[in-house]
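See structure below.
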Protein chains: 2
Amino acid sequence: MTNTVGITNLVQWARLLEQQQEKELLALLCDAPIIEVAEFLNQQPSQKLLTLFTHLPQELQGAIFADLEEEQQRNLYELLPRKDFATIFSHIPSHQRAEFYQQLGHNEQIRLLPYLYKKDREDVMTLSAYAPGTAGSIMSTDFATVIENMKVKEAIQKLREDSPSKKMIYYIYVVDQNMQMTGFVSLKDLIMAAPDVQVAHALHENFIYANINDDRESVARQIEKYDLVAIPVLNEEKQLMGIVRYDDAMDVIREEETEDMEKFMGIVSNEDTSDYLRSSSLQHFRKRVTWIVGLFIASIVSELIIHKHEALLGRLTVLALYLPMIAGAGGNAGSQAATVVIRALSLSQVTLRNWLEVVFKEAQVAFLLAFCLFFLAFLKVIILSGNVVLENHGPYRLAFAIALSLSLQVITSTVVGASLPLIAKYFNGDPAVAASPAITTLVDITGMAIYFAIAMAMLY
Amino acid sequence: MTNTVGITNLVQWARLLEQQQEKELLALLCDAPIIEVAEFLNQQPSQKLLTLFTHLPQELQGAIFADLEEEQQRNLYELLPRKDFATIFSHIPSHQRAEFYQQLGHNEQIRLLPYLYKKDREDVMTLSAYAPGTAGSIMSTDFATVIENMKVKEAIQKLREDSPSKKMIYYIYVVDQNMQMTGFVSLKDLIMAAPDVQVAHALHENFIYANINDDRESVARQIEKYDLVAIPVLNEEKQLMGIVRYDDAMDVIREEETEDMEKFMGIVSNEDTSDYLRSSSLQHFRKRVTWIVGLFIASIVSELIIHKHEALLGRLTVLALYLPMIAGAGGNAGSQAATVVIRALSLSQVTLRNWLEVVFKEAQVAFLLAFCLFFLAFLKVIILSGNVVLENHGPYRLAFAIALSLSLQVITSTVVGASLPLIAKYFNGDPAVAASPAITTLVDITGMAIYFAIAMAMLY
């Protein structure tokens with residue numbers, strides 16, 4: 001019985017392995033959750049991995065293999081005779097099998113193919129053909145079908161015969177002789193129905209489905225919205241090609257959220273670096289350098305504005321003191337607004353039709369923030385620069401000018417930050433491209449423009 | 001058949017409603033996905049809502065009610081006689097029922113209780129007793145149980161009798177006479193097993209469970225890790241108290257990700273404002289003002305550093321020009337590093353034991369970034385300020401000093417940004433509290449210190 005999972009088992013298993021009690025260890029592994037066995041095997045050197053893995057029952061090997069890290073999968077693949085591997089391959093869940101197959105190079109694929117069972121070969125080649133990011137690329141062919149005019153008891157009998165190899169039999173798909181989907185029944189429906197009625201009797205003819213080329217994120221969202229255990233995936237001829245399960249949808253949601261968060265911080269997402277420690281520093285560098293350098297170059301605009309006013313800065317050095325404050329507060333307010341709007345868009349709380357409402361609400365929030373900051377900024381300037389003597393004006397005028405600049409900057413930045421994700425969405429882009437560093441750099445420009453315009457008008 | 005869902009149906013339904021073809025409309029509603037019916041009803045005024053809702057079949061009313069917006073739920077609750085409501089209440093899934101009950105004020109709860117069926121009353125009061133954020137607060141009591149020494153066919157018969165009211169019968173929990181859980185069988189196991197063997201034969205005695213006081217996020221993670229459809233929730237006596245389903249886990253993951261992202265942008269998460277448009281500007285303001293004002297005050301430290309060097313700035317105005325650049329690049333690099341580390345921690349790719357590895361890797365990335373920026377900054381200064389005459393040195397020395405400051409700042413900021421989430425985690429805090437605005441403000445301080453130290457040493 002595992003509750004606080006992982007650690008205790010792994011430690012206990014490692015001890016057994018050290019004491020060479022491999023028989024006891026294997027007995028424990030057979031009863032443990034697949035993912036924990038995989039985590040344990042991930043930590044073993046190649047030879048130990050091979051010995052333990054080959055001694056596990058064949059029906060578990062496929063599932064465990066699927067949960068191993070890529071590196072260990074490769075190790076096993078290279079250590080096992082291809083013929084033995086073909087048997088294991090046959091037991092790997094179809095979705096992960098296609099993924100592994102794609103990671104083998106082209107040459108290795110060709111070398112492996114002759115050893116595979118005909119059914120597996122066809123399955124893996126079909127699944128590998130779909131474009132990454134589509135429903136087809138994350139679907140599994142591990143589903144159960146029955147024919148509409150079967151009796152309930154015949155359908156149950158068919159499931160009994162088919163299902164040792166099927167993981168997912170909670171929904172059973174009803175197809176005609178062309179594999180066109182006409183509906184589904186749940187396993188619960190079958191259990192509840194009288195054994196002698198026809199399956200058609202319990203059939204759900206209204207069903208949610210995904211198209212094979214749909215974006216995988218939208219498929220995951222459908223599963224989430226309709227609380228499905230799995231969604232059927234149909235091709236253009238409405239033939240049932242596969243299913244996407246809720247657990248794969250969860251993975252997609254996690255990945256997309258990571259991508260959103262990275263994009264928002266100006267990090268270029270790519271699959272190579274999906275695992276932090278496994279990616280090299282150079283890979284991490286490549287993900288980040290584009291934005292860092294791009295923004296550095298873009299910041300030249302705000303520098304030109306400052307440059308243009310160097311004469312003013314020379315006569316009124318005190319203005320330099322508050323430059324970073326104006327830039328900083330604008331960046332923070334703008335990024336906050338963008339975060340809130342991106343999130344609301346991504347959770348479908350807001351659509352483009354609400355844009356005016358969103359901008360208006362953000363403007364209100366910005367006014368309240370600006371109001372607070374005005375007084376704080378005024379106070380700060382009096383404290384830090386109360387002794388500054390201007391040519392024609394007292395320190396209160398200076399404080400007022402700076403506080404006013406800051407307030408205007410916070411309002412502008414908030415509205416810009418809220419608008420950018422909406423604009424990106426309008427042009428069919430991902431709202432998260434309105435990244436925080438980009439917003440910061442953009443509002444730096446407005447900030448400098450506001451600051452110097454007010455300074456020129458009020459203090460020169 | 002719904003594929004690209006929602007819009008078409010809603011439009012068609014609205015048209016039928018306008019044309020007063022309510023009979024046709026109701027026929028369509030009965031066949032449509034629950035969530036879409038709820039979305040349609042959400043848009044109706046109170047009286048229309050009441051008419052349509054009460055004409056829907058009773059067995060659907062509970063599920064539809066659960067998916068309505070809070071406001072519409074309240075409307076229905078107020079329009080319906082309490083006795084009728086009690087019948088609907090009985091059909092609402094237990095988890096959402098408890099949620100609705102908790103949202104009624106104390107007085108209203110007391111007024112409703114006498115009308116409820118005894119079973120519902122006990123259920124709702126038990127579920128409402130668990131602390132928010134725990135497994136107990138998100139669990140459902142809608143599960144199926146059988147006794148170990150039943151035969152498989154008896155178990156199936158019991159399911160047939162019980163399950164019209166049970167949504168989740170894919171796992172069937174096996175309990176003893178004290179409701180202590182001894183294992184589970186899947187519905188698939190029962191279908192596959194010979195009808196005359198004992199349930200004990202197909203029993204999984206190793207199972208994953210959650211404790212009733214476990215954090216809901218960790219429960220969601222367990223469901224995700226072990227690919228469960230539902231996880232049983234046990235109390236201290238190992239009695240089965242409820243289950244948490246995968247779809248509720250998905251909701252939890254979404255909410256926690258929103259919280260992480262908001263926290264990272266210095267937004268105080270709270271449940272009041274979980275819906276963007278429904279929250280007032282004042283509520284949004286309150287979520288954001290703490291950090292904006294806090295950071296504004298904290299930024300006084302970096303301003304004091306600039307203040308201290310105002311004499312230098314006065315003599316070397318050109319230094320003011322590059323102040324925002326130093327601050328900006330540091331903020332960007334630090335926030336990126338923090339994002340990457342927070343994400344890796346949240347996906348369990350990194351643990352505290354790896355801290356040295358993480359910091360080392362980030363330092364490497366930072367060196368590469370600093371190397372690129374050094375040359376760019378050098379170039380920028382030559383272009384923008386190549387004509388600046390220093391007292392003792394040429395423009396190359398100025399460019400070198402500024403580029404060096406920038407490089408050091410990027411390295412420091414990246415290491416600070418990567419370390420803060422690890423430090424927060426070490427003190428059992430949420431890594432996401434190492435928020436981007438906080439990092440920006442912190443590295444402003446190091447940035448100003450580095451900048452002026454180098455300027456004093458090389459240019460004075």
Out of (1) farther than 26 Å from A:Arg278 by Cα; (2) within 14 Å of chain B (Cβ to nearest Cβ); (3) touching a Lys or Arg at 6+ places or on another chain (Cβ under 9 Å), the one A:Gln21 does not meet is (2)
Scope the stretch B:263-285; condition at pLDDT 80 or above and buried (at least 22 other Cβ atoms within 10 Å of the Cβ); matching residues
B:His284
Whether any residue in the stretch A:272-283 is within 8 Å of chain B (Cβ to nearest Cβ) and assigned to a helix (DSSP H, G or I) is what I want to check.
yes
Per the list (1) buried (at least 18 other Cβ atoms within 10 Å of the Cβ); (2) away from every other protein chain (no Cβ under 14 Å), residue check on A:Asp196 breaks on (1)
Spot the failing condition for B:Val152; the list is (1) at pLDDT 85 or above; (2) of a type in the set (A, V, I, L, M, F, W, C); (3) open to solvent by 30 Å² or more (accessible area, probe 1.4 Å); (4) farther than 25 Å from A:Val37 by Cα, and only one is missed.
(3)
Return only the number of the condition from (1) hydrophobic (A, V, I, L, M, F, W, C); (2) modelled with pLDDT of 90 or more; (3) open to solvent by less than 30 Å² (accessible area, probe 1.4 Å) that B:Leu50 does not satisfy.
(3)
May I ask you to list pairs of residues, at least six apart or on different chains, whose Cβ atoms are under 8 Å apart, with the first in the stretch B:368-386 being within 8 Å of another protein chain (Cβ to nearest Cβ) and closer than 22 Å to A:Arg286 by Cβ and the second being aromatic (Phe, Trp, Tyr) and part of a helix (DSSP H, G or I)?
B:Leu368/A:Phe285; B:Leu369/A:Phe285; B:Leu373/A:Phe296; B:Leu376/A:Phe296; B:Ala377/A:Phe296
List the helices (runs of 4 or more DSSP H) inside the stretch B:30-72, counting only whole elements, that have at least 2 residues being under 22 Å from B:Glu18 (Cβ atoms) and within 29 Å of the chain's Cα centre (by Cα).
B:34-42
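Just name the residue that is surrounded by the fewest Cβ atoms within 10 Å (Cβ to Cβ) out of those in the stretch B:206-229 that are assigned to a helix (DSSP H, G or I) and out of contact with any strand residue (DSSP E or B) (no Cβ under 7 Å at 6 or more places or on another chain).
B:Ser218
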Can you tell me which residue is modelled with the lowest pLDDT among those in the stretch A:4-18 that are open to solvent by 30 Å² or more (accessible area, probe 1.4 Å) and away from chain B (no Cβ under 14 Å)?
A:Val11
Is it fair to say B:Glu362 is under 30 Å from B:Asn428 (Cβ atoms) and open to solvent by 50 Å² or more (accessible area, probe 1.4 Å)?
no
What's the number of the only condition in (1) touching a residue at least 24 places away in the same chain (Cβ under 8 Å); (2) under 18 Å from A:Thr441 (Cβ atoms); (3) surrounded by fewer than 16 Cβ atoms within 10 Å (Cβ to Cβ); (4) not polar (S, T, N, Q) that A:Leu352 fails to meet?
(2)
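The values are calculated or read from the model by the stated rules, or taken from the named source; none is laboratory data. The model shown is predicted, which means the values in this text are computed figures rather than measured ones. Cβ coordinates were reconstructed from backbone atoms using ideal geometry, including for glycine residues, and neighbour counts include every protein chain displayed. Side chains included, ligands, DNA and RNA excluded: accessible areas come from the protein's heavy atoms. Shrake-Rupley method; radii C 1.70, N 1.55, O 1.52, S 1.80 Å.
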